[in-house]
Amino acid sequence: MEAAVTAETDIATAIIASGIADEPVTHLVEGAMRRLVSAGVPLDRMQVGFRILHPLFDGMSITWTEAAGVEVSYYEHIDLDGSAYRLSPFHYMLANEVTELRLRIDRDATIERFPVLLELKERGFTDYLAMIVSFGGAPMTPESHQGLGTSWSTKDPAGFGATDIAAMRQVLAPLALALRVVIKDQITRNALNTFHGPLVGGRILSGLIKRGAGERLAAALWYSDLRNSTGLADALPVEAFLDLLNVYFDCAAGAVMEEGGQVLDIIGDAILAFFPASGPPGSGPGGGQACASALRAASTAQSRLAALKAQGNARAEAISFGIGIHFGDVVFGNAGTAERLKFGIIGRSVNEVARTADMAKVLKRDVVVSDAVVSRITSAERLALSDLGEHELRGIPSARRLWALASTE
């Protein structure tokens, strides 16, 4: 008994040390489960599941098996009737305020109500223990984010013994504590990345939050604007207009991110994004790779829209948008009041890319590009562009030579 207690303490200490060291969650879980097995617990599978705040996914699970190690999975629409979560022991426990559930997979008729346990039975598992951990003291509900569920399974014909269950219960608290930190961190990162983008989100997390903190960067700038947005907003129901906006954003902002760009701001129906150049500002004509990426993203954005129209997408049929691309120096940092700061880019180049996008509508072109971009790309890349000559841009002191990217339609 004393040896078992010592082993459990060592495992708990190792879990806490892994959490303090900020090890990846996969390493933390793998190490903890291997230590339990080495201590004599006949564990073949452990799963922990919890809800997350994410624009695409509702839940996440971390599954360890003796055979495959650790796997991380994400789940959509977990609250729909018939979902794996709704049919799981976890949902049953939360709905009925049960914090611990023990079932012999090899002989309990109760497993018939849970598809996951029938699957485990087919794979040779014999015993199952599920435990719920609530964060903050309040009982968990099926919709709660404040906690997690864990399940522990074995293929041992004898199942789990009393000392095995005691060991798993002993490990649960430090494991849940370490995972709670991981969950909180992921929620924070997901929220920041969703609303600010990964570049800005990363800088906020790294501590660059003081007013006036920033740097000067050279970058290819992108600005796109949905045409006839006011008319569409007036003509469509709110839900339909928001659906249309999301189709547009998927085409335009999605293409930017696919090419490695950063979406810095969505201003109504306008998108401001940039592709940072590798060299420092003022260091020469560099930035060719950033400009090429911005041009590819513009072409991809229009191709996405054309493909949706070809498929008969009703929302896409009403969408038309123009894109302006420019290259220049910007100040990337945060400004505002002491209580409300905004991380973004400012400078004359930002104004110029917006005015360049305005010219896409005036000149009836999908994509208009400044000469500052064209001068940085290769001669082969220029073949896709046509010279539009010099034009006056609103608020810009001198005329600018503009180019048009060939249409994808």
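For the stretch 143-185, give me the residue count where each residue is surrounded by fewer than 17 Cβ atoms within 10 Å (Cβ to Cβ), of a type in the set (D, E, K, R) and assigned to a helix (DSSP H, G or I). Looking only at that region, the number is 3.
Residues of the stretch 23-74 that are modelled with pLDDT of 90 or more, surrounded by fewer than 21 Cβ atoms within 10 Å (Cβ to Cβ) and of a type in the set (D, E): E30, E71. Among the residues of the stretch 186-219, the ones that are more than 23 Å from the chain's Cα centre (by Cα), open to solvent by less than 40 Å² (accessible area, probe 1.4 Å) and more than 30 Å from L244 (Cβ to Cβ) come to 3 in all.
Among the residues making up the stretch 359-409, those that are of a type in the set (K, R) and surrounded by 14 or more Cβ atoms within 10 Å (Cβ to Cβ) are K361, R365, R376, R382, R400, R401. Here A307 meets the list (1) under 23 Å from D269 (Cα atoms); (2) open to solvent by less than 20 Å² (accessible area, probe 1.4 Å); (3) under 26 Å from the mean Cα position of the chain (by Cα) almost entirely, failing just condition (2). Counting only strands (runs of 3 or more DSSP E) wholly contained in the stretch 317-371, the ones carrying 2 or more residues that are within 20 Å of S229 (Cβ to Cβ) and modelled with pLDDT of 95 or more occupy 321-336, 367-370.
Scanning the stretch 220-258 for residues that are aliphatic (A, V, I, L, M) and within 24 Å of the chain's Cα centre (by Cα) yields A220, L221, L242, L244, L245, V247, A252, A253, A255, V256, M257.
Of the residues making up the stretch 372-398, those that are farther than 20 Å from A219 by Cβ and either in contact with a Leu (Cβ under 8 Å, 6 or more places away or on another chain) or in a strand (DSSP E or B) (or both) number 7.
So, of the residues in the stretch 285-304 that are in a loop (DSSP other than H, G, I, E, B) and open to solvent by 40 Å² or more (accessible area, probe 1.4 Å), which turns out to be modelled with the highest pLDDT? Across the stretch 285-304, the extreme among qualifying residues is G286. Checking D225, D234, D250 one by one, the residue that is of a type in the set (D, E, K, R), surrounded by 14 or more Cβ atoms within 10 Å (Cβ to Cβ) and part of a helix (DSSP H, G or I) is D250 and no other.
Please verify whether T13 is within 19 Å of M131 (Cβ to Cβ), more than 20 Å from the chain's Cα centre (by Cα) and hydroxyl-bearing (S, T, Y), treating the condition exactly as stated.
no
The values are calculated or read from the model by the stated rules, or taken from the named source; none is laboratory data. Note that the coordinates shown come from a computational prediction; the quantities given were computed from them, not determined experimentally. Backbone-built Cβ (ideal geometry, glycine too); neighbour counts: all protein chains shown. Accessible surface areas use protein heavy atoms only, side chains included; no ligands, DNA or RNA. Shrake-Rupley method; radii C 1.70, N 1.55, O 1.52, S 1.80 Å.
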